[in-house]
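Undergrad: The structure follows.
The values are calculated or read from the model by the stated rules, or taken from the named source; none is laboratory data. These numbers come from a predicted model, not from an experiment. Every residue, glycine among them, receives a Cβ derived from its backbone with ideal geometry; neighbour counts consider all protein chains shown.
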Amino acid sequence: MAQHNETGKQGELEATRYLREKGYEIVAQNFRHQHAEIDIIAQKEKLLIFAEVKTRTNLSYGNPEEFVSYTKAKLVMKAAEQYIFANGWMHDIRFDIIAVTVAGTDLRVKHIEDAFS
């Protein structure tokens, strides 16, 4: 597997660990609908979050969260709409970005709530 794929997997593992520590239940990972993928769907009480995880090992070109494009956000929202419809979710939702930075042994997780508003 390519190094960037390994880095992405590591970031998603850290993001799920982080969310669990914050009291979220991981409902689904890598949910796909047409051309869209949602990295993590998590629930805390009556709140469902759709999280896009971005992981970087080098900040020379910017922070991880800066790499979530408008197009990607729209795709995530479309997939979330399908998930909500398919599962009959009738409570609050939120779109978050979880930015993971890995530099050697230093690992940082930044949780940006309500990132697509």
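Undergrad: On the basis of being more than 21 Å from residue 35 (Cα to Cα), buried (at least 17 other Cβ atoms within 10 Å of the Cβ) and either in contact with a Ser or Thr (Cβ under 6 Å, 6 or more places away or on another chain) or free of Cβ contacts under 8 Å to residues at least 24 places away in the same chain (or both), does residue 100 make the cut? Give the derivation first.
TA: Values: more than 21 Å from residue 35 (Cα to Cα): yes; buried (at least 17 other Cβ atoms within 10 Å of the Cβ): yes; either in contact with a Ser or Thr (Cβ under 6 Å, 6 or more places away or on another chain) or free of Cβ contacts under 8 Å to residues at least 24 places away in the same chain (or both): yes.
Yes; evaluated as a whole, the condition is true for this residue.
Undergrad: Only one of these is of a type in the set (Val, Ile, Thr) and touching a Gly at 6+ places or on another chain (Cβ under 8 Å): 27, 53. Name it.
TA: Numbers: 27 fails: touching a Gly at 6+ places or on another chain (Cβ under 8 Å).
That would be 53, the only listed residue that is of a type in the set (Val, Ile, Thr) and touching a Gly at 6+ places or on another chain (Cβ under 8 Å).
Undergrad: Quick check on my filter: what residues within segment 11-46 are over 17 Å from residue 81 (Cβ atoms) and surrounded by fewer than 15 Cβ atoms within 10 Å (Cβ to Cβ)?
TA: 13, 17, 20, 21, 22, 23, 25, 30, 44, 45, 46
Undergrad: Also: Consider residue 95 carefully, then state whether it is within 24 Å of residue 108 (Cβ to Cβ), assigned to a strand (DSSP E or B) and at pLDDT 95 or above. Write out each step before concluding.
TA: On the way: within 24 Å of residue 108 (Cβ to Cβ): yes; assigned to a strand (DSSP E or B): yes; at pLDDT 95 or above: yes.
Yes: the conditions hold for residue 95.
Undergrad: For segment 66-92, which residues satisfy the criterion of being surrounded by fewer than 17 Cβ atoms within 10 Å (Cβ to Cβ), in contact (Cβ under 8 Å) with a residue 40 or more places away in the chain and not in a strand (DSSP E or B)? First the steps, then the outcome.
TA: Looking only at segment 66-92, we keep the residues that are surrounded by fewer than 17 Cβ atoms within 10 Å (Cβ to Cβ), and these are 66-67, 69-74, 77-78, 81-82, 84-92.
Add one more test, that the residue is in contact (Cβ under 8 Å) with a residue 40 or more places away in the chain, and what stays is 73, 78, 82, 89, 91-92.
Within segment 66-92, 73, 78, 82, 89, 91 qualify.
Undergrad: Could you grab me the full set of residues in segment 14-30 that are closer than 18 Å to residue 55 by Cβ and assigned to a strand (DSSP E or B)?
TA: 26, 29, 30
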